[in-house]
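K.L.:
Got a structure for you, questions after.
The values are calculated or read from the model by the stated rules, or taken from the named source; none is laboratory data. Source: prediction; values computed, not measured. Don't worry about glycine lacking a Cβ; one is built from the backbone with ideal geometry, like all the others, and counts go over all protein chains shown.
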Amino acid sequence: MSAATVPPVGERIRQARLRRGTSLRALAREIGVSASLISQVENGKSQPSVSTLYAITTALGISIESLFDSGEVSAAPPAAAAPAAAAPAAAAPLAAPPVAAAPGTVLYALAAFAADPQRRIGPLVTPGEREVLELDSGVVWERLGHVPGTDVDFLLVTYRPGGASSSSGGLMRHTGTEYGYLTSGELILTLGFEEYTLRPGDAVCFESTTPHRYRNDGAVPAVGVWCVFSDT
């Protein structure tokens, strides 16, 4: 995977939050994290986990791809309560330049995943050609292919022993629908108020807006093929 350049993701999240008129505390309550964490993400002092990033973008009604777009983003408009005498100046592009993400970090891999949604991956993808995203929660995503113009993540997913889709232990939700098929190991799926045990040969499908979490309580990796379709 070539070196990835990451735009000021935290600043883009802040802009989207202000455009929506949502406070730090309100956004934090909506996705189940602390206001301090949101503030650190927006200020570039903390890198969000994939599940947190999904939750933030879902709550703000934006796509993950928009955060990693290499183009410039206009500053958020001022609040409606601003005095009429203080007429806002024309929106200006952000001055902060993109920054290089360190190889192996979540932002590095996400930037590479989202860098060019029109890029074709395939028709044949060999094991050595897969783009790999390793999460700090013990999960590995391997991208199996992509057809331009479609909104689907086609992934080989490995949950290492003790691995989970959320490092914080919380449930995640995001737009779309997901389908999964477990090929080896054992995986626990918490879906809303229900809990299911997936074994080799079992399949799942559900709307991804339903709070959910996967975890591997076993001693061997749990491996499966997942397709996550985004709603656009």
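K.L.:
Please name all residue pairs, on different chains or six or more residues apart, with Cβ atoms under 6 Å, provided the first residue is in region 25-40 and is outside the structural domain of Arg213 (by TED's automatic domain parsing) and more than 11 Å from Thr52 (Cα to Cα) and the second residue is among the charged types (D, E, K, R) and modelled with pLDDT of 85 or more.
P.N.:
Leu27/Arg17; Ala35/Arg25
K.L.:
Answer yes or no: is there a residue in region 144-155 that is among the charged types (D, E, K, R) and over 26 Å from Ser63 (Cα atoms).
P.N.:
No; the residues of region 144-155 include none that is among the charged types (D, E, K, R) and over 26 Å from Ser63 (Cα atoms).
K.L.:
Check every one of the strands (runs of 3 or more DSSP E) wholly within region 116-232 and list those with 1 or more residues that are of a type in the set (A, V, I, L, M, F, W, C), in contact (Cβ under 8 Å) with a residue 60 or more places away in the chain and surrounded by fewer than 12 Cβ atoms within 10 Å (Cβ to Cβ).
P.N.:
In region 116-232, no matching strands (runs of 3 or more DSSP E) lie anywhere.
K.L.:
Check Gly44, Gly10 and return the single one that is at pLDDT 85 or above, surrounded by 12 or more Cβ atoms within 10 Å (Cβ to Cβ) and either touching a strand residue (DSSP E or B) at 6+ places or on another chain (Cβ under 9 Å) or of a type outside the set (Ser, Thr, Tyr) (or both). Don't jump to the end; show me each part of the working.
P.N.:
Working: Gly44 fails: at pLDDT 85 or above.
The unique qualifying residue is Gly10.
K.L.:
Go through region 139-154 and give me each residue that's within 15 Å of Gly180 (Cβ to Cβ) and modelled with pLDDT under 90.
P.N.:
If the condition is that a residue be within 15 Å of Gly180 (Cβ to Cβ) and modelled with pLDDT under 90, then Val139, Val140, Trp141, Glu142, Val152, Asp153, Phe154 are the ones that fit.
K.L.:
Restricting to region 189-203, count the residues that are β-branched (Val, Ile, Thr) and touching an Asp or Glu at 6+ places or on another chain (Cβ under 8 Å).
P.N.:
Total satisfying the criteria: 1.
K.L.:
Sort through Gly163, Gly176, Gly170, Gly192 and tell me the only one that's under 21 Å from the mean Cα position of the chain (by Cα) and closer than 17 Å to Val228 by Cβ.
P.N.:
Details: Gly163 fails: closer than 17 Å to Val228 by Cβ; Gly170 fails: closer than 17 Å to Val228 by Cβ; Gly192 fails: closer than 17 Å to Val228 by Cβ.
Gly176 is the lone residue from the list that is under 21 Å from the mean Cα position of the chain (by Cα) and closer than 17 Å to Val228 by Cβ.
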